[in-house]
1. With the structure loaded, tell me whether I171 is hydrophobic (A, V, I, L, M, F, W, C) and either part of a loop (DSSP other than H, G, I, E, B) or closer than 30 Å to G322 by Cβ (or both) or whether it fails that test.
2. Report, ordered by the first and then the second residue, all pairs with beta carbons closer than 7 Å, sequence separation of six or more or different chains, a first member in the range 191-219 that is of a type in the set (F, W, Y), and a second member that is surrounded by fewer than 20 Cβ atoms within 10 Å (Cβ to Cβ).
3. Let me confirm something: among E252, E288, E256, which residue is among the acidic types (D, E) and touching a helix residue (DSSP H, G or I) at 6+ places or on another chain (Cβ under 8 Å)?
4. Being in contact with a Lys or Arg (Cβ under 9 Å, 6 or more places away or on another chain) and more than 27 Å from G228 (Cα to Cα) is the requirement here; does A350 meet it?
5. Could you check C162 against (1) touching a residue at least 24 places away in the same chain (Cβ under 8 Å); (2) within 30 Å of A312 (Cβ to Cβ) and say which number it fails?
6. Here is a check on your reading of the model: is H236 touching a strand residue (DSSP E or B) at 6+ places or on another chain (Cβ under 6 Å), buried (at least 16 other Cβ atoms within 10 Å of the Cβ) and over 30 Å from C205 (Cβ atoms)?
7. Checking I308 against (1) within 45 Å of the chain's Cα centre (by Cα); (2) loosely packed, with under 14 Cβ neighbours inside 10 Å, which test does it fail?
Amino acid sequence: MVSTTDYYEVLGVSRNASTEDIKKAYRKLARKLHPDVNPDPETQEKFKQVTNAYEVLVDPQKREMYDLGGDPLASGGGAGASAGGFGGGFSFTDIMDAFFGGTATRGPRSRMRRGQDALVRLKVELREAVFGATKELQVDTAVVCTTCTGQGTAAGAQLSTCVTCGGEGEIKQVQRSFMGQIMTARPCPQCQGFGTTNPNPCTECGGDGRVRTRRTLTVKIPAGVDNGTRIQLSGHGEVGPGGGPAGDLYVEIAIERHPVFTRDGDNLHCTLQLPMTAAALGTNVELETLDSKEVIEVRPGAQAGEKIRLSARGVPRLRGTGRGDLIIHLEVETPTKIDSRQEELLRELAKLRGEEHVAGPGTVASQGNLFSRIRDAFKDGRG
């Protein structure tokens, strides 16, 4: 259908007016004719005409159709066809675009973005986990390309405005529905939403602005860390695209197995094996702890499974004060090979203690356990 309305005259602009001139003219008229400002019915009708004119002339495709004699709003989808003075084809985005230069649209996204966080695992010895340490760590992460300083372009080259979206970073489409016209926007497939293209990328990084490299970092390990503890190194993760700020690096602690000590929370545990005679008679044992050498006193008649606790010889509390304990678990070794003399002495001892024949648990218990009898026998012999 041929248009009978002169949209250029409605907006008061010439036929060769630029898009910016059309936006300025619409802003001026809309401020004066908007229903919220002037509720007069006649003024509202004028506002609809102005809105229709702006919708057609600000869109290059609709404007071209109009200049050829057609009317893009002839199907009834224009501003005058909807309640409240706003047509289905004229969105809130278009109003904001007219008044504020496009603040309601997404616009092109920045090529410079924050980098991702990185995670590495660091093996440490138990002693380092208990007392803390400073270690060097090698990590492979993305860093800023020094050739292009993160810009992604070859020397002397610049980014070009995308010809597909005109630098907007998005493609707008008008779709018709039973509600009228709906304007949608999607990222430009040519520039991936950046609004610019890179016809001459940096040969070192391929246009990404980043290269991968191995770096050596110094990590301070606090006393008391445990398996799975993560230490955050801010700004040492992956550098962002386009030379964006780096993410964080998380160092996850993995404690190596110790030949003597095991850890349970803030406590350390170890096993002390005692000969049968030492358990019966008692003894002093020198034990190399993580702190220093300690002399452990084993009482006479010590039993397998007994525990000796050394206070504050465990792991420092990472988020608190004080240390856990060192818990020593006693094991008693029974000899498996003895010579004839040793056998003779043991049989004599068994005879002295009435233990040639072991009876039921109740009978044996009433006479005392084996090691207490051995202890008493040695005491009687010394007396």
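The values are calculated or read from the model by the stated rules, or taken from the named source; none is laboratory data. All values reported here derive from a predicted model rather than from experimental measurement. Here Cβ is always computed from backbone atoms with ideal geometry, including for glycine, and neighbour counts include all displayed protein chains.
1. Values: hydrophobic (A, V, I, L, M, F, W, C): yes; either part of a loop (DSSP other than H, G, I, E, B) or closer than 30 Å to G322 by Cβ (or both): no.
Answer is no for this residue.
2. These pairs meet every condition: F194/R109.
3. On inspection, the qualifying residue turns out to be E256.
4. Details: in contact with a Lys or Arg (Cβ under 9 Å, 6 or more places away or on another chain): yes; more than 27 Å from G228 (Cα to Cα): yes.
When the stated conditions are applied, A350 passes them.
5. C162 satisfies all of (1) touching a residue at least 24 places away in the same chain (Cβ under 8 Å); (2) within 30 Å of A312 (Cβ to Cβ) except (2).
6. Details: touching a strand residue (DSSP E or B) at 6+ places or on another chain (Cβ under 6 Å): yes; buried (at least 16 other Cβ atoms within 10 Å of the Cβ): yes; over 30 Å from C205 (Cβ atoms): no.
No.
7. Only one criterion in (1) within 45 Å of the chain's Cα centre (by Cα); (2) loosely packed, with under 14 Cβ neighbours inside 10 Å is unmet by I308, namely (2).
This table checks each residue for (1) loosely packed, with under 15 Cβ neighbours inside 10 Å; (2) in contact with a helix residue (DSSP H, G or I) (Cβ under 7 Å, 6 or more places away or on another chain); (3) part of a loop (DSSP other than H, G, I, E, B).
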| residue | (1), (2), (3) |
| --- | --- |
| D208 | no, yes, yes |
| A223 | no, yes, yes |
| Q232 | yes, no, no |
| A246 | no, no, yes |
